[in-house]
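This report concerns only the one structure given below.
Taken together, the values in this text are just the output of simple stated rules run on the coordinates, not laboratory data. Just so you know, these numbers come straight off a predicted model, no measurement behind them. Neighbour counts run over all protein chains shown; Cβ positions are idealised from the backbone, glycine included.
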Amino acid sequence: MKKFKFLPLFLLFVVSCSPKFTADFHSVTFTNITLNEVNFNVNLKIYHKYILPLTISDIKYKFFANDYYIGEGDSDQEINIPKYADTLLSFPCTVKYEDLSLPLIDVIVKRKFNYEVDLDFKVKILDWTKNLQIVEKGKVY
């Protein structure tokens, strides 16, 4: 029984030291919609409750308007988040249209549409890496 004397303390230490990180969409702000592309800013609320800083990288996004796939893009930006930080993170996105179809022209002309942004990225703390995906849906009217 002496072998397990420190097991509860060890388990408590492991659980308390595991990375505590969440990311939620704060907002999506459209800056420009043209016949060639759509530009918008993604604003994420990062909740990071860990004793080490983290890095966000390999950001990829897909954009849909009125359930119609518009296109995708990525960012080579690497974002460093300090330890114990709640941060509002903003980065620009540009999606060039895959094709200029009638549903897309309707979105461009009317400027009223439902949108979906699918965001994939990597979170890294030392050698620990996790892929995350979050989705934001909203309306532009």
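Within the stretch 26-80, the trypsin sites (Lys or Arg not before Pro) that combine a DSSP coil assignment with at most 15 other C-beta atoms in a 10 angstrom radius are LYS49.
Using the alpha carbon gyration tensor of the stretch 50-141, what are the three equivalent-ellipsoid semi-axes (square root of 5 times each eigenvalue), largest first, in whole Å? Walk me through the intermediate numbers first.
On the way: eigenvalues 206, 34, 20 Å².
Each semi-axis is the square root of five times an eigenvalue, giving 32, 13, 10 Å.
Contact order normalised by length for the stretch 19-140, with contacts defined as Cα pairs under 8 Å and 6 or more residues apart; what percent is it? Averaging sequence separation for qualifying contacts and normalising by length gives 28 percent for the stretch 19-140. Loop-resident GluC sites (Glu not before Pro) (DSSP state other than H, G, I, E or B) in the stretch 65-141 with no more than 12 further Cβ atoms inside 10 Å of their Cβ: GLU78, GLU98. Note on ASN80 and LYS124: the model spin-label points, each 7 Å out from Cα along the C-beta direction, lie 1.3 nm apart.
Filter the cross-link list LYS83/LYS124; LYS45/LYS137; LYS60/LYS110; LYS20/LYS139; LYS45/LYS96; LYS49/LYS137 down to pairs whose alpha-carbon distance in this structure exceeds 22 Å. List each step's numbers first, then the result.
Details: LYS83/LYS124 12 Å; LYS45/LYS137 16 Å; LYS60/LYS110 27 Å; LYS20/LYS139 31 Å; LYS45/LYS96 26 Å; LYS49/LYS137 27 Å.
Listed pairs above 22 Å: LYS60/LYS110; LYS20/LYS139; LYS45/LYS96; LYS49/LYS137.
Determine the distance separating the Cα centre of the stretch 43-63 from the Cα centre of the stretch 70-141; give it in Å without decimals. Comparing the Cα centres of the stretch 43-63 and the stretch 70-141, I get a distance of 12 Å.
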